[in-house]
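Presented below is the structure to which this report refers.
The values are calculated or read from the model by the stated rules, or taken from the named source; none is laboratory data. Predicted, not measured: the structure shown is a model, and the values here were computed from it. Heads up, the Cβs are rebuilt from the backbone with ideal geometry, glycines too, and the neighbour counts pull from every protein chain shown.
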Amino acid sequence: MTLTIGQAAPDFTLPDTHGDPTPLGDAPLTVVVFTCNHCPYALAWHERIQDVARDYEADGVRLLQISSNDAGRYPRDSYEAMKARVDAGDFAGPYLYDESQEVARAWGATATPHVFVLDADRRVIYQGAPDPDYTDESLRARWLREALDDVLAGRAVQKPNTEAVGCSIKWRG
């Protein structure tokens with residue numbers, strides 16, 4: 001079951017692509033995106049999500065991206081492939097490896113990408129897709145940006161739930 005609006009997000013510490021343990025942390029706003037290297041939806045939304053990270057960094061927004069897929073069945077989602085993408089400069093923040101899939105299960109991640117926004121108390125204030133259409137780059141992760149803008153302006157998030165659209169998380173058998 002996916003985390004619901006207002007629910008406290010489970011804590012975690014996962015390795016990044018340099019092997020450094022990276023905790024969820026305590027940023028004023030945290031965006032957690034379950035993603036991967038092979039899914040066409042995740043790839044289509046990828047640059048829009050990186051732009052959000054760059055555009056909101058000065059506002060104290062932290063972006064953590066997590067791959068939880070079964071790398072045995074999907075080698076493009078392996079730790080080594082993740083590292084290659086980060087080393088190529090494809091990520092505007094840490095890319096974390098959830099090898100055990102425990103974090104994805106605890107959060108109820110269903111798709112790649114599945115976006116969660118947490119407030120300073122680590123409560124979910126938005127969950128779903130970055131925007132309404134993965135094929136339309138002009139949307140610029142609109143739903144995600146609207147959620148961040150609402151919080152930064154001191155407003156309640158107007159659209160806290162959308163449907164996470166993408167490839168399913170590839171669970172181990």
Pairs under 9 Å by beta carbon, first residue farther than 22 Å from G173 by Cα in the stretch 72-88, partner surrounded by fewer than 17 Cβ atoms within 10 Å (Cβ to Cβ), six or more apart or different chains? K83/H18; A84/D90; V86/H18
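For the stretch 6-28, name all the residues that are in a loop (DSSP other than H, G, I, E, B), small (G, A, S) and in contact (Cβ under 8 Å) with a residue 12 or more places away in the chain.
We begin by selecting, within the stretch 6-28, every residue in a loop (DSSP other than H, G, I, E, B); these are 6-7, 9-12, 16-20, 24-28.
Now drop any that are not small (G, A, S), which leaves 6, 9, 19, 25, 27.
Passing the criteria: G6, A9, G25, A27.
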Between a first residue in the stretch 149-173 that is under 17 Å from Y126 (Cα atoms) and a second residue that is of a type in the set (D, E), which pairs have beta carbons less than 6 Å apart while being 6 or more apart in sequence or on different chains? L152/D59; V157/D150; Q158/D150
Looking for something more than 21 Å from A141 (Cα to Cα) and in contact with a helix residue (DSSP H, G or I) (Cβ under 9 Å, 6 or more places away or on another chain) - is there at least one such residue anywhere in the stretch 51-69? yes
The one condition in (1) in a helix (DSSP H, G or I); (2) in contact (Cβ under 8 Å) with a residue 60 or more places away in the chain that V31 fails to fulfil: (1)
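Quick grid of which residues meet (1) modelled with pLDDT under 95; (2) of a type outside the set (S, T, N, Q); (3) surrounded by fewer than 17 Cβ atoms within 10 Å (Cβ to Cβ); (4) closer than 25 Å to G154 by Cα:
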{"site": "T13", "(1), (2), (3), (4)": "no, no, yes, no"}
{"site": "D16", "(1), (2), (3), (4)": "no, yes, no, no"}
{"site": "V31", "(1), (2), (3), (4)": "no, yes, no, yes"}
{"site": "I49", "(1), (2), (3), (4)": "no, yes, no, yes"}
{"site": "D55", "(1), (2), (3), (4)": "no, yes, yes, yes"}
{"site": "D59", "(1), (2), (3), (4)": "no, yes, yes, yes"}
Selection count, the stretch 145-165, where residues are farther than 13 Å from D59 by Cβ and of a type in the set (A, V, I, L, M, F, W, C): 4
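Please specify each residue of the stretch 34-43 satisfying the condition of being polar (S, T, N, Q) and either in a loop (DSSP other than H, G, I, E, B) or out of contact with any helix residue (DSSP H, G or I) (no Cβ under 8 Å at 6 or more places or on another chain) (or both).
Going residue by residue through the stretch 34-43, those that are polar (S, T, N, Q) are 35, 37.
N37, the sole residue that qualifies.
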Return yes when L3 is part of a loop (DSSP other than H, G, I, E, B), within 18 Å of V117 (Cβ to Cβ), out of contact with any Lys or Arg (no Cβ under 8 Å at 6 or more places or on another chain) and of a type outside the set (D, E, K, R) and no when it is not. yes
